[in-house]
Amino acid sequence: MRKLFAFALALIGLVGCQSQDNSTPRAKNGESGANIQYPIPVAATVGMVADLVKNVGQEYVDVKQIMGTGVDPHMHKASRDDVVAIMNADVVFYSGLMLEGKMTDTLIKVSRNKPVYAVTELINEKTLLEPDDFNGHYDPHVWMDVSAWSQCVDAVKDALSQYDPQHGDVYEKNAATYKQKLEQLHKYGLETLKSIPEDSRTLITSHDAFNYFGRAYGLDVQGVQGISTESEAGLKRINELVDLLVKKKIKAVFVESSVSKKNITALIEGARAQGHQIEIGGELFSDAMGEPGTYEGTYLGMLDHNITTVARALGGTAPEKGMQDKLTP
């Protein structure tokens, strides 16, 4: 009983006071000489990261996603279940660039005892955006530019190959195949969003999660809130955007699946008060993907949905069911 109690305390308190090195891969049951358990237990913070690992690792990984659909990673604090999932994993992946701000301490403690990787670590710094209002830090929403997010595939491939060199060639092949799919999606985004009339290429959303999206696909992106959803939208900012909506006669604004809709509602009401009718062009996925088991619950489906929804709402041309004819209408 004393041993069980001690283990429970260690689990809840993470690994800060542990002396045992948990980074040694666990033996596979029933096989002598094997030093890795398959599928490899992996923990990933957000859906976009989990999807990367699944595509590169495939049958050799068992991925536990920490933050589910509709969860805001900027505000998420590690729960007891999160700690259990991380402790049970042999390898941990997270996005990085301060996206998982409130989980940073947890990830640092875990990294002392097992491999922990930020998938954005190999991205060329010239690719990253550094907004003036983000205190010298990079914008973490890199996945909104498919070509930039594609650089993260190699980080996952290298990490898995380092941990499990026996299947390095498999991870290399899977990574190459997945990057081809991402290239197709990026081309779809370029062609589809280019179809929006030039005077309508303004994307207004709940918070500044779409700056990479705008840069990559030629849109003027405006968020009511800042980069992090912790920031509050002031009355001045809302009035500025209302004036922009009326002046440019923008037809639609967009809500986000993981952010409150109240600020977008305020924009619509403000524009209406000035005689300009605005509609909600759709719900976009920003910091979280769609429901598990759906096409929108994958990274490809998430971006396909965003690209298609924005194009159709702002006057562009896009198939109703998206690039792969898989979107839910």
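The values are calculated or read from the model by the stated rules, or taken from the named source; none is laboratory data. Predicted model, so just to flag it, every value in this text is computed and none were measured. Note: ideal-geometry Cβ built from the backbone for every residue, glycine included; neighbour counts use all protein chains shown. The protein model used for the area step is the full one, side chains on, heavy atoms only, and it has no ligands, DNA or RNA in it. Shrake-Rupley method; radii C 1.70, N 1.55, O 1.52, S 1.80 Å.
Could you check the simple spin-label distance between residue 317 and residue 84, using points 7 Å along Cα→Cβ, in nm with one decimal?
5.4
Residues of the chain: accessible area per residue at 1.4 Å, in Å²?
Here the per-residue accessible area is 48 Å².
Gaussian network model of the chain, Cα springs within a sub-10 Å range: biggest mean-square fluctuation belongs to which of 315, 275, 218?
275
Classify segment 91-234 as rounded, prolate or oblate from the Cα gyration tensor: take a ≥ b ≥ c as the square roots of its eigenvalues, call it rounded if a/c is under 1.5, otherwise prolate when a/b beats b/c and oblate if not.
Taking the square roots of the gyration eigenvalues as a ≥ b ≥ c, segment 91-234 is oblate.
Grab every C-alpha pair in segment 259-329, bin the distances at 10 angstrom width from 0 up to the longest one, and report whole percents.
19, 42, 29, 10, 0
Using the Kirkwood radius over Cα pairs, work out the Stokes-Einstein diffusion coefficient for segment 34-79 at 37 °C and 0.692 mPa s, in µm²/s as a whole number.
The calculation lands on 287 µm²/s.
Within the chain, which is the longest segment that contains none of the trypsin sites (Lys or Arg not before Pro) sitting in a DSSP loop with at most 15 other Cβ atoms within 10 Å?
After excluding every exposed loop site, the longest remaining stretch is 113-193.
Using only the alpha-carbon atoms of the chain, report the extent along each of the three principal axes, biggest first, to the nearest angstrom.
Principal extents (largest minus smallest coordinate, Cα): 73, 40, 35 Å.
Please compute the length gained on full extension between residue 199 and residue 240, using 0.36 nm multiplied by the number of residues separating them and subtracting their Cα-Cα distance.
Going from the current span to full extension adds 12.9 nm.
Under 20 Å between alpha carbons, and skipping anything fewer than 8 positions from residue 54 in its own chain: which lysines qualify?
Partners found: 64, 114, 157, 173, 179, 181, 326.
Once both labels are modelled 7 Å past Cα along the beta-carbon direction, what's the residue 272-residue 220 spacing in nm?
In this crude label model, residue 272 to residue 220 measures out at 2.5 nm.
Using the Kirkwood radius over Cα pairs, work out the Stokes-Einstein diffusion coefficient for segment 54-172 at 20 °C and 1.002 mPa s, in µm²/s as a whole number.
Translational diffusion coefficient: 139 µm²/s.
Pull out the extension gain between residue 130 and residue 294, defined as 0.36 nm times the separation in residues minus the alpha carbon to alpha carbon distance; nm, one decimal.
My answer for the length gained is 55.7 nm.
May I ask for the Rg/Rh ratio of segment 121-179, computed from Cα atoms with Rh as the Kirkwood radius, given to two decimals?
That ratio is 1.10, to two decimals.
Binning every alpha carbon pair distance of segment 192-317 at 10 Å from zero, what are the percents per bin?
Pair shares across the bins are 13, 46, 34, 6, 0.
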